[in-house]
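So the structure is just underneath, and the comments pick up after that.
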Amino acid sequence: MNLFRNVLFWIVLALVGALIAQLLVQDPGYVLVRYGGNDYTTNVPKAIALLLLALAVLWVLWKLASLPFVAMRRHRRRQSRARLIDGFDAVHRGEWSRAEKLLEQAAQERDALAVGRIGAARAAWARGDEAAARAHLTAIGTDHPASRAIADAEFALTQNRAADALSILDAPSATPLPPRGLVLRGEALAALGRSGEAYGTLGALRQQQALSNERLSTLEAQWAAASLREAADANVLADRWEALPKPLRSDPAAVAAYAERAAALRWDEAAAKSVEQALDARWDESLTALYGRLPVGRLDARRAVAERWLQAHPASPALLLTLARLARAQGQWPQAEQYLHRALAQGANSEAWEELGSGFAQAGEEKLARLCYANALAAARGEATQPLPGRDLRQTIFDEAVVEERDEHGVPRLRG
């Protein structure tokens, strides 16, 4: 296509030249130049030829005169590129002082000003010189506002100055933000407790492919859970919950955040139902434990649901602990104690020992309560626990009856 255009251009130029030549042959014209008391006469074709010759000579003289300056400029650019390459290689190697010096020198070339100064600022920051880092960023001036804003915001976030980072990124001179700036803005919003707004930036992040799909999914789950915890009232909470995609509404972290916030807002039914629906769809030990910890009523209904789950998950430590909590909340300590011993036999953590200690303390058995609390502390540290005194052989065998294999959720199974 380029060849066709070039041929067409030269054909048209030749036709125009032929037309002009034909006109000049018919009437060559007359040119008179009077200068310094002398008259110079010629015809139009010769005058045009002389003019073109003079222009060509001037162009050659200009090129010859500027040749040293062009060579010097090219040499500086080659030096700048070499320093940029060596400087970023030094950054990769962790040679911060050398990297800062090379990148600062490379930034003397205007084309490399922003990238050189930002690289030098990062090298200075890495070696702990905050003043030098700020000086490098200041030297950029106003020529590259978005790049400078990203670097300023990164440094502000490393110092936990999320408000300053957001102010920098929201400045009119920095907009529109490139993908890296959008990521930093979302992180700043989340750090300021405005995760709902951070969650709203995910669409732009996906559109600009600012992060990998895996990283975006992680941020989506984190910001969704945080936005639910930050809901100011039940209406906002409900709106944010309904706006979540269906997979997130069964994600354990998001469900836990919603249930805890709903319980805090005295929305007991919604809190319990969200956990029940999530566990019916996909079993999760952390959510099961949360179901027993929720500060909501409906003890009879919740216990009935938990006992239904027990038929399908008889060896779940979290479910046994939940049943124990619900039974103790109903004033049924003997049943709660049995559930707790079963939970410990299935490998329950320090929470079961602590619950057992609280139950013994409430029942007036201070010695057993102290031992349980000590075991809770030992279990939290990963240390061995002490057996409870007064346990008959049958119960001891039951407590230790855990086989090596585990079910699909990683929960130990009882023998027999």
Is it the case, given these coordinates, that Arg134 is among the basic types (Lys, Arg), in a helix (DSSP H, G or I) and touching a residue at least 24 places away in the same chain (Cβ under 8 Å)? no
One residue is enough: does the stretch 22-31 have a residue meeting the conditions at pLDDT below 70 and assigned to a strand (DSSP E or B)? yes
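To keep it simple, each residue is scored yes or no on (1) surrounded by fewer than 18 Cβ atoms within 10 Å (Cβ to Cβ); (2) out of contact with any Leu (no Cβ under 9 Å at 6 or more places or on another chain); (3) under 23 Å from Glu366 (Cα atoms).
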| residue | (1), (2), (3) |
| --- | --- |
| Ala304 | yes, yes, no |
| Ala312 | yes, yes, no |
| Ala324 | no, no, yes |
| Pro334 | yes, yes, yes |
| Leu340 | no, no, yes |
| Ala343 | no, no, yes |
| Ala348 | no, no, yes |
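For (1) among the β-branched types (Val, Ile, Thr); (2) surrounded by 11 or more Cβ atoms within 10 Å (Cβ to Cβ); (3) closer than 23 Å to Pro179 by Cβ, each residue gets a yes or a no:
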position	(1), (2), (3)
Met72	no, no, no
Arg76	no, yes, no
Arg81	no, yes, no
Phe88	no, yes, yes
Ala99	no, yes, no
Arg117	no, yes, yes
Glu130	no, yes, no
Thr142	yes, no, yes
Ala146	no, yes, yes
Could we say that Ala318 is touching a helix residue (DSSP H, G or I) at 6+ places or on another chain (Cβ under 8 Å), modelled with pLDDT of 90 or more and crowded, with 19+ Cβ neighbours inside 10 Å here? yes
Identify, from the list Ala278, Ala315, the residue that is outside any helix (DSSP H, G or I) and in contact with a Pro (Cβ under 8 Å, 6 or more places away or on another chain). Ala315
Quickly run through the stretch 95-131 and pick out the residues that are touching a residue at least 24 places away in the same chain (Cβ under 8 Å) and outside any helix (DSSP H, G or I). Ala107, Gln108, Glu109, Arg127
Consider only pairs whose beta carbons are under 9 Å apart and that are at least six residues apart or on different chains; among these, list those whose first residue lies in the stretch 367-389 and is farther than 15 Å from Ala348 by Cα and whose second residue is of a type in the set (Lys, Arg) and part of a helix (DSSP H, G or I). Pro389/Lys367
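The values are calculated or read from the model by the stated rules, or taken from the named source; none is laboratory data. Every value quoted in this text rests on a predicted model; they were computed, and no experiment measured them. Ideal geometry is used to build each Cβ from the backbone, glycine not excepted, and the neighbour counts take in all protein chains shown.
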